[in-house]
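Report on the structure given below.
The values are calculated or read from the model by the stated rules, or taken from the named source; none is laboratory data. Nothing here was measured: the structure is a model prediction, and the numbers come from that model. Neighbour counts run over all protein chains shown; Cβ positions are idealised from the backbone, glycine included. Please note that ligands, DNA and RNA were not included when accessible areas were found on the heavy atoms of the full protein model with its side chains. Shrake-Rupley method; radii C 1.70, N 1.55, O 1.52, S 1.80 Å.
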Amino acid sequence: MKILHIDSSPFINESVSRELSAMIVTELCSRHPDASVTYRDLGIAPPPHLSAGAMSLLHNAQDVTITPELQAELDGIYQSIEELIACDVLVIGAPMYNHSIPSNLKAWLDQVCQKGKTFRYTPQGVVGLIPGKTAFVASSRGGVYSTPETLPHDFQEPYLASILELMGVADCHIIRAEGVSRQAIGREKGLAEGRETLLQILGN
């Protein structure tokens, strides 16, 4: 089993999403001793947002001058795509920021979600090119956004599930710790609920 582990919080010790994603990877590795892990820390080393030159070249433009800076950007993009294609399991640590995801995680998704690489257009619609993978999203939220009243404000989990499905990753599990900033719930209870969800998915 090849695991690609992505963290995106800029916080280190106090990050709930980091603790939750590490919990997922540790549990997976305990069940699969032969597993290998590739780790990307987008919170510490955020990828660049796509430049006009990179977007043009990725869409097969022929009139773009490849500078050393652009070549370095393209090399990083292709490496990220290769890591995603190579993995069997994707674990994403994704805190909610302003009802959505951190911009560094969005930048990584913009890099790897590329026509002809991870999805393609057909007369029948979009087809994902990297099926057969399992994804675990370690979702952390200070508030509670899973109730009927708050769900319309959640552009974090639905977006991640949608963009992964676009690339063919339909087996996506949300491991959620929410309400971690609320006194009635808090960090420990939120993490415990997330671990309970993980164990139910993995079959205890």
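Name the single residue that is nearest to Ile92 (Cα to Cα) among those in region 158-170 being touching a residue at least 24 places away in the same chain (Cβ under 8 Å) and either assigned to a helix (DSSP H, G or I) or not aliphatic (A, V, I, L, M) (or both). If you could, list the steps in order and put the result at the bottom.
Residues of region 158-170 touching a residue at least 24 places away in the same chain (Cβ under 8 Å): 159-161, 163-170.
Remaining after also requiring either assigned to a helix (DSSP H, G or I) or not aliphatic (A, V, I, L, M) (or both): 159-161, 163-166, 168.
Working: Tyr159: 13, Leu160: 9, Ala161: 11, Ile163: 13, Leu164: 11, Glu165: 14, Leu166: 16, Gly168: 16 Å.
Filtering region 158-170 for residues that are touching a residue at least 24 places away in the same chain (Cβ under 8 Å) and either assigned to a helix (DSSP H, G or I) or not aliphatic (A, V, I, L, M) (or both), the one nearest to Ile92 (Cα to Cα) comes out as Leu160.
Considering only residues that are among the hydroxyl-bearing types (Ser, Thr, Tyr) and in contact (Cβ under 8 Å) with a residue 40 or more places away in the chain, look in region 7-47 and name the one that is farthest from Gly143 (Cα to Cα).
It comes out as Thr38.
Do you know which of the residues in region 3-26 that are more than 15 Å from the chain's Cα centre (by Cα) and surrounded by fewer than 16 Cβ atoms within 10 Å (Cβ to Cβ) is farthest from Gly186 (Cα to Cα)?
Per the stated criteria, the residue is Thr26.
So if I check each of Ser56, Ser80, Ser103, which one is open to solvent by less than 70 Å² (accessible area, probe 1.4 Å) and under 13 Å from the mean Cα position of the chain (by Cα)?
Ser80
Any idea which of (1) buried (at least 17 other Cβ atoms within 10 Å of the Cβ); (2) over 17 Å from the mean Cα position of the chain (by Cα); (3) in a loop (DSSP other than H, G, I, E, B) is the one Ile66 doesn't satisfy?
All conditions pass for Ile66, except number (1).
Give the residues of region 114-141 that are in a loop (DSSP other than H, G, I, E, B) and crowded, with 17+ Cβ neighbours inside 10 Å, sorted by residue number.
If we filter region 114-141 for residues that are in a loop (DSSP other than H, G, I, E, B), which is where we start, we get 114, 116-118, 123-124, 129-133.
Within region 114-141, Gln114, Lys117, Thr118, Ile130, Lys133 qualify.
Restricting the search to region 148-157, which residues are open to solvent by 70 Å² or more (accessible area, probe 1.4 Å) and assigned to a helix (DSSP H, G or I)?
Hits for region 148-157 are Leu151, Pro152, His153.
Restricting attention to region 169-202, which residues are under 20 Å from Cys29 (Cβ atoms), open to solvent by 80 Å² or more (accessible area, probe 1.4 Å) and among the acidic types (Asp, Glu)?
Selection gives Glu196 alone.
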